[in-house]
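The values are calculated or read from the model by the stated rules, or taken from the named source; none is laboratory data. All of these numbers come straight from a predicted model, not from anything done at the bench. FYI the Cβ positions are ideal-geometry reconstructions off the backbone, even for glycines, and counts take in every protein chain you see. Calculation scope for accessible area: heavy atoms of the full protein, side chains included, ligands and nucleic acids excluded. Shrake-Rupley method; radii C 1.70, N 1.55, O 1.52, S 1.80 Å.
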Amino acid sequence: MKMKKTFAAMLAGVMCVGMLAGCGSQNGTEGSATTGIAESKGYEGTMTFVISHKDEYLGALDQGVKSAANAQGIELKSVDCADDMDKQIEYVRAAEADGENVVMVVLADDTRADEIIEAAGDMKVVFVNRIPQDTSLLDADHVYVGSNEDTSGKMQGEMLAEALKAEGKSEINYILIKGTEGLIHTQKRSEGVLTALKNAGITTNAVTDPVDCGYDRSKAMEQVSVMIADGIDMSNVDVILANNDAMALGALEALKQNNVDTSSIDIVGIDGTNAGLKAIVDGDMVATVYQNAAGQASAGVQAAINLATGAELTNNMKYKQAQDNDSIVWVPFEEITADNVASYY
């Protein structure tokens with residue numbers, strides 16, 4: 001497996017190599033490396049990237065898109081809609097009115113991708129990171145570049161199960177800290193980790209109902225503090241399952257501030273952010289699932305260029321289309337534990 005050192009190093013790599021569509025390894029059927037990088041057809045004009053919001057991960061993705069566009073000589077306009085879907089639609093309409101040929105979008109609401117397509121008019125659309133719930137909307141002019149959420153929770157659960165078995169545990173009490181309710185990747189991450197634990201022979205008992213913390217670190221910190229104030233005995237909690245690193249770290253911070261001994265609580269996240277990697281190095285987190293921001297960014301920019309210039313979707317990419325949908329390009333997730341975190345951090 002080809003490993004990464006840091007987000008900063010990866011983003012710098014995007015600028016240096018230009019045409020490389022990310023640094024992630026390709027395993028199985030999700031995406032396999034192509035041989036050789038051909039010269040790209042030139043793209044002229046501006047390009048707009050409409051991002052849902054900027055947390056640590058999406059902030060890294062935004063910087064990666066800017067770096068990849070700069071390496072291609074593209075003038076990029078990056079706008080943040082602050083999770084306001086109506087505002088996001090207006091940004092897309094503005095790009096179309098400005099005569100742009102293609103727009104990149106991280107959906108604020110993955111159930112409303114049809115409205116983005118309608119607002120785009122004749123523009124091509126590259127959805128990045130958050131796949132439309134209705135994948136039938138994807139076609140030759142409207143594509144998706146990102147990671148397969150069918151595998152993220154599964155990987156998280158498998159890594160955790162291995163750690164639990166090493167600790168001699170076959171039954172656990174857990175707290176699930178979820179991202180925004182209604183988003184498809186929230187559902188898949190939450191269901192995937194519990195299914196993987198069950199398939200590994202781990203019996204799971206929920207200490208409380210899943211808590212929606214919107215992928216936000218401060219909200220997770222607040223909600224875990226409320227749990228403690230409400231009398232939940234954290235000494236009986238074996239595992240905290242978090243849909244992303246930010247919420248995992250918010251939970252961790254709340255536990256420490258409330259003088260809870262975290263040494264016997266296994267905490268897992270998803271994204272492989274710098275903060276998440278440091279937590280694994282420090283022994284505060286057991287595992288995370290690496291989501292390649294630089295890979296998604298540069299592959300997304302390249303897909304936009306290819307759509308706008310009439311090239312094949314995966315021209316000049318390391319990644320290939322999904323086997324069951326050639327309008328999807330997968331950038332694979334990767335497992336990170338204490339055993340291999342040094343290669344990423």
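If you go through region 77-89 one residue at a time, do you hit one that is under 18 Å from A299 (Cα atoms), without any contact (Cβ under 8 Å) to a residue 24 or more places away in the chain and not in a loop (DSSP other than H, G, I, E, B)?
No - not one qualifying residue is present in region 77-89.
Would it be correct to say that A299 is outside any loop (DSSP other than H, G, I, E, B) and open to solvent by 10 Å² or more (accessible area, probe 1.4 Å)?
no
Determine if region 218-240 includes at least one residue that is buried (at least 21 other Cβ atoms within 10 Å of the Cβ), under 25 Å from Q257 (Cβ atoms) and of a type in the set (G, A, S).
Yes; the residues of region 218-240 include at least one that is buried (at least 21 other Cβ atoms within 10 Å of the Cβ), under 25 Å from Q257 (Cβ atoms) and of a type in the set (G, A, S).
Quick test of your reading of the structure: D209 fulfils all but one of (1) open to solvent by 10 Å² or more (accessible area, probe 1.4 Å); (2) touching a residue at least 12 places away in the same chain (Cβ under 8 Å); (3) under 16 Å from T180 (Cα atoms). Name the failing condition by number.
(2)
Checking E100 against (1) at pLDDT below 95; (2) part of a loop (DSSP other than H, G, I, E, B): exactly one of these is not met. Which one?
For E100, the exception is condition (1).
Out of region 316-325, which residues are crowded, with 20+ Cβ neighbours inside 10 Å and modelled with pLDDT of 95 or more?
Matches in region 316-325: N316, M317, Y319.
Output the number of residues of region 319-345 satisfying the condition of being within 16 Å of Q302 (Cβ to Cβ) and aromatic (F, W, Y).
Number satisfying all stated conditions: 2.
Counting only residues that are free of Cβ contacts under 8 Å to residues at least 40 places away in the same chain and hydrophobic (A, V, I, L, M, F, W, C), how many does region 220-231 have?
So the answer is 4.
Take region 48-61 and flag every residue that is over 20 Å from T288 (Cβ atoms) and either surrounded by 20 or more Cβ atoms within 10 Å (Cβ to Cβ) or of a type in the set (S, T, N, Q) (or both).
Residues satisfying the conditions are T48, F49, V50, I51, S52.
Taking interchain pairs and intrachain pairs at least six residues apart, which have beta carbon atoms under 6 angstrom, with the first residue in region 325-345 and more than 13 Å from A287 (Cβ to Cβ) and the second in a strand (DSSP E or B) and modelled with pLDDT under 95?
Nothing qualifies.
Filtering region 119-152 down to residues that are assigned to a helix (DSSP H, G or I) and touching a residue at least 60 places away in the same chain (Cβ under 8 Å), which residue is surrounded by the fewest Cβ atoms within 10 Å (Cβ to Cβ)?
Top of the filtered list is T135.
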